[in-house]
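Note sheet for the following structure.
The values are calculated or read from the model by the stated rules, or taken from the named source; none is laboratory data. Please read these numbers as outputs of a predicted model, since none were measured by experiment. Please note: Cβ atoms are built from the backbone with ideal geometry, for glycine as well, and neighbour counts cover all protein chains shown.
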Amino acid sequence: MDTLIQYLQYFVNGITLGSIYALIALGYTMVYGILKFINFAHGDILMVGAYIGLLTYTALLGSSTSAVWMLAAFFIAMIISMAFCALLGMFIERVAYKPLRNANRLAPLLSAIGVSFILSNGAAWIFGAQSRRFPYPFDDTPIVIAGLSITPHQILTMAVSVIMMIVLTLFVNKTKMGKAMRATSLDQSTSELMGIDANKIISMTFAIGSALAAVGGILASFDFRVYASMGTMTGLKAFVAAVIGGIGNIQGAMIGGILLGVLESIGAPLLGIPSALRDTIAFAALIIILLVRPEGILGKNEREKV
Amino acid sequence: MRILEAQEVTKAFGGVVAVNKVNFNVEQGLVNGLIGPNGAGKTTLFNQITGMDVPTSGKIIFDGNDITGLPAWKISRLGIARTFQNIRLYNDLTVVENVMMGLHFKVGSDPFHHRLAQAFRSYFNAGKENRELYTRALEWLEFFNLTHVKDEFARNLPYGNQRELEIARALASEPKILFLDEPAAGMNPAETEHLMKIINRIKEHGVTVVLIEHDMKLVMNICDNITVLSFGQKIAEGTPEEIKSNPLVIEAYLGREDD
Amino acid sequence: MLNFFLLIIIYAGIYALMAIGQNCITGNTGMLSLCHAGFFCIGSYTTAIMCKTFGLPFWFSLPVAAIISGFVGFLIGVPTLRLKGDYLCIATLGLGEIIRNIATNVNPVGMMSVPRAELFGYQFSSRNKFTFILLIWFFVAVAYILFRQLAHSRIGRAMIAVREDEVAAQSNGINVTKYKIGAFILGAGVGGTAGCFATAYTLTVQPSSFTFMVSVMVLCMVVLGGMGNLAGVILGAFIIEFISYFPQLVGLSSVIPAQASQIIYGLVLVVMMICRPQGILGRDKYRYGDPRTFTQKLSARLPGRKKEGV
């Protein structure tokens, strides 16, 4: 009985972790859907998001201890961070990727690695090597229900992620912009003939993806602290999640994220892997999925046209 | 004599059947045309035969051997060369190097040595091999009148020359069959005229040619027999004259009269 | 000051070896692999373990390191090389991190006071940098000659064909997967030997020195010098090492933060891709059927004489 509850606990933790991965994976997947390119710097954008969130939150909070203001400041900081990252994402696309749209396939990838390096080392320069704690905007005493403990920050993480995903789904399916985005990802040249401005759509995609990464970064920093290279591992795992779900597929990224989170959380105790090697699970999962079903769970099998 | 036979070849992509139980015969020493409206499954059939893709069902017999499902590199070593609809040259290699790539497995391979041993020999004899490849590649360039651009990068060639270079590269491996996927696409009338001469000369060399083409003038002029595909199915085959007067073909191209 | 110059030359040599390996994988065959730090790590540990734990001579560890890292390259390559370029880059990055993770997990401190390399009784010590420079650059020259021969052979051209267009390469009878795995094994093997020299120089191994940054630095060298151009790659190694030691060289290491050079690596990648994707030296041209002898070719290349032809 105890072990069952323990595993249920791992499961709940996994879903929380997974919803963060899902948020970040969305950015990878949306960009891949349109540009067929992995935005390597996406992980570092989440790091920037976490720093901006942390800085604005502490600045807004000042010395106030009012519970309401703490929560309000948190959400304001989150929105500011989203806006900042959206602009940053658009800027990066404009400067480092757009000139390479017709170049050799390695070029944008190398450029993205460069951007990632600039961002993470720039952050280490500005903010120092020390990692920082993101203070909880509320009392984080776990709520215990039938032996299962859930902390308020886990609830917040899940709630925010679900809301973000619903908003995104509505945006993509119901708005004109969202439909244009899907059209562009299906066939860029035809959608251009239909009068869709591909440049605008690509900018928009980067903005949305980066804003979601900012949220993911802030939520991730409750568990992982904030530091300059936090984006590398988290970003990589989110990418794995995107591949598991089927890269290019928005629902796939959400499913893949949750799945990877649960897998990681349950897999280590189940297989008896020391927690220091937990990251290995994600990569093992990546390699297995790529070998067994490279198009992912929901992805379509896209072949190179001969 | 039939050098290649595609028997009941079917290829389905998910629910879409691109090629449906097509029987396609290639007669040795002739120019075999494969025509049909856009999306009829011509290139898909090419891909099944040349090993770029594995057919859902059906068999491909080449020179008496079943080659269905073999990887493309093995099929090309058996003597099936091809060009591509959207030219695929090695852009960062020079013109002569592109043709040398076509000769890749014609030099340094012998059946008595393991591939790795061959690779080692090629490594140590690189200078000698290069000279041999180079002279042979130059002969092919001469055949196509491309000698003057031999040191240009392939990407810098004019479009017509790129098409010719791709054919030269394919032909350099001295294939038994040469598959040409829309070689005249994007060519002007003078270039098409030149291409026709080239194809005829290839035929004179005894190489069997299979040709996908939309330019009817070219097809009717140089093909010895023609197979027509429409919506993944074979609707006709015969000599150019027979095809011209076949009502099914006319319908496939022009639509039915009551439409 | 002179000391730092010599240090740069030594590290440029060690990294040039790695960059030659990376060039074989990325520059020639077009696979974006990001686990060279992992191969470096394997090579370093091989030397440390063989020399210190088993008391074997350094020279013995050199081929063993090459074989072990080549074998790891093979193990990594088989599942990942079937993947498309962008997946490969992530998968190799992950695997490189896993190698470091394992090393850290086994012993976070690493190994210290590894015995020195010895040749006919002479000990290569970090105090006498000149002889060490001779040692490392001798092996760089060997690797250069071997890989140059490869690049100019039929095999090397097939690797370039795989980089340029996999589909066309198949249609030319090239077994793309085998070439990719072969290139990966060779590249990994050379990367491993670079690790041996690093250990022989510092006489210590620390898991923390095999970070992702090392892989990016090596990649930068290849991109900077010119993908597929060996001379360019070695030049790239010099430039990147120079950037990395610049603060110490001018005595400003207290003013210029350590991250500055890494930001420059990032900038190098972005700017090169946008402005000069073929690298500083561009593509290495080979004259086929050139009847001239080696010395004639060399003298034609020397400055002051008019170059004939292309």
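Here C:M50 meets each of (1) surrounded by fewer than 17 Cβ atoms within 10 Å (Cβ to Cβ); (2) without any contact (Cβ under 8 Å) to a residue 40 or more places away in the chain with one exception, condition (1). Among the residues of region A:86-130, those identified as modelled with pLDDT of 90 or more, farther than 18 Å from A:T234 by Cβ and either more than 10 Å from every other protein chain (Cβ to nearest Cβ) or not in a helix (DSSP H, G or I) (or both) are A:A86, A:L87, A:M90, A:F91, A:E93, A:R94. Check whether at least one residue in region A:138-150 is touching a strand residue (DSSP E or B) at 6+ places or on another chain (Cβ under 8 Å) and of a type in the set (D, E, K, R), and report yes or no. The answer is no, given that none of the residues of region A:138-150 is touching a strand residue (DSSP E or B) at 6+ places or on another chain (Cβ under 8 Å) and of a type in the set (D, E, K, R). Go through (1) over 21 Å from the mean Cα position of the chain (by Cα); (2) more than 8 Å from chain B (Cβ to nearest Cβ) one by one and return the number of the condition C:R154 breaks. Condition (2) is where C:R154 drops out.
Would it be correct to say that C:S254 is over 10 Å from C:A16 (Cα atoms), surrounded by fewer than 24 Cβ atoms within 10 Å (Cβ to Cβ), in contact with a helix residue (DSSP H, G or I) (Cβ under 6 Å, 6 or more places away or on another chain) and of a type in the set (S, T, Y)? When the stated conditions are applied, C:S254 does not pass them.
With respect to the conditions (1) farther than 21 Å from B:K106 by Cβ; (2) part of a loop (DSSP other than H, G, I, E, B); (3) within 18 Å of the chain's Cα centre (by Cα), B:E174 lacks only one, and its number is (1).
Inside region A:95-150, residues that are acidic (D, E) and surrounded by 13 or more Cβ atoms within 10 Å (Cβ to Cβ) make up a count of 1.
Looking across region B:144-156, the residues that are free of Cβ contacts under 8 Å to residues at least 60 places away in the same chain and either outside any helix (DSSP H, G or I) or surrounded by 19 or more Cβ atoms within 10 Å (Cβ to Cβ) (or both) come down to B:F144, B:N145, B:L146, B:K150, B:D151, B:E152.
Considered as a group, the residues in region C:157-178 that are more than 7 Å from every other protein chain (Cβ to nearest Cβ) and surrounded by 24 or more Cβ atoms within 10 Å (Cβ to Cβ) include one that is nearest to B:G127 (Cα to Cα), and that residue is C:M159.
Among the residues that make up region A:136-153, is at least one of them part of a helix (DSSP H, G or I) and under 30 Å from A:Y10 (Cβ atoms)? Checked region A:136-153: at least one residue is part of a helix (DSSP H, G or I) and under 30 Å from A:Y10 (Cβ atoms). Applying the set (1) of a type in the set (S, T, N, Q); (2) buried (at least 21 other Cβ atoms within 10 Å of the Cβ); (3) not in a helix (DSSP H, G or I) to C:T92 leaves exactly one unmet item: (3). Taking every residue in region B:235-248 that is more than 19 Å from B:K217 (Cβ to Cβ) and pairing it with any residue that is among the hydroxyl-bearing types (S, T, Y), at least 6 positions away or on another chain, the pairs with Cβ-Cβ distances below 6 Å are B:E237/B:T227.
Table: residues versus (1) surrounded by fewer than 19 Cβ atoms within 10 Å (Cβ to Cβ); (2) more than 7 Å from chain C (Cβ to nearest Cβ).
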{"residue": "B:M100", "(1), (2)": "no, no"}
{"residue": "B:Y123", "(1), (2)": "yes, no"}
{"residue": "B:A126", "(1), (2)": "no, no"}
{"residue": "B:E142", "(1), (2)": "yes, yes"}
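Yes or no: A:R278 surrounded by fewer than 23 Cβ atoms within 10 Å (Cβ to Cβ) and touching a residue at least 24 places away in the same chain (Cβ under 8 Å)? So A:R278 does not fit the description; no.
Given the residues A:G231, A:G216, A:G252, A:G267, which is the only one that is more than 14 Å from every other protein chain (Cβ to nearest Cβ), part of a helix (DSSP H, G or I) and within 30 Å of A:P135 (Cβ to Cβ)? Unique residue meeting the criteria: A:G216.
One line per residue, one yes/no per condition, for (1) within 17 Å of the chain's Cα centre (by Cα); (2) outside any loop (DSSP other than H, G, I, E, B); (3) more than 16 Å from B:L165 (Cα to Cα):
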site: B:M52; (1), (2), (3): yes, no, yes
site: B:P55; (1), (2), (3): no, no, yes
site: B:I60; (1), (2), (3): yes, yes, yes
site: B:G69; (1), (2), (3): no, no, yes
site: B:W73; (1), (2), (3): yes, yes, yes
site: B:F84; (1), (2), (3): yes, no, no
site: B:N98; (1), (2), (3): yes, yes, no
site: B:M101; (1), (2), (3): yes, yes, no
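Within region A:36-85, the set of residues being outside any helix (DSSP H, G or I) and either within 14 Å of chain C (Cβ to nearest Cβ) or crowded, with 22+ Cβ neighbours inside 10 Å (or both) comprises A:K36, A:F37, A:I38, A:N39, A:F40, A:A41. In region A:1-26, the residue that is modelled with the lowest pLDDT out of those that are closer than 15 Å to A:I266 by Cα and among the β-branched types (V, I, T) is A:T3. All of (1) surrounded by fewer than 22 Cβ atoms within 10 Å (Cβ to Cβ); (2) in a loop (DSSP other than H, G, I, E, B); (3) within 14 Å of the chain's Cα centre (by Cα) hold for B:K203 with one exception: (2).
Could you tell me which residue of region C:234-265 is nearest to the other protein chains (Cβ to nearest Cβ), considering only residues that are of a type in the set (S, T, Y) and either within 18 Å of the chain's Cα centre (by Cα) or outside any loop (DSSP other than H, G, I, E, B) (or both)? Out of the qualifying residues, it is C:Y265.
Evaluated against (1) crowded, with 19+ Cβ neighbours inside 10 Å; (2) assigned to a strand (DSSP E or B); (3) over 19 Å from the mean Cα position of the chain (by Cα), B:I235 falls short on exactly one condition, (1). Looking at B:G69, B:G29, just one residue is in the same structural domain as B:L211 (by TED's automatic domain parsing) and either among the hydroxyl-bearing types (S, T, Y) or more than 17 Å from C:N175 (Cα to Cα) (or both), and that residue is B:G29.
Figure legend. Inter-residue proximity from region C:169-192: first residues farther than 18 Å from C:M227 by Cβ and without any contact (Cβ under 8 Å) to a residue 24 or more places away in the chain, second residues buried (at least 24 other Cβ atoms within 10 Å of the Cβ) and β-branched (V, I, T), beta-carbon distance below 6 Å, spacing 6+ or different chains. Indicated pairs: C:V176/C:V162.
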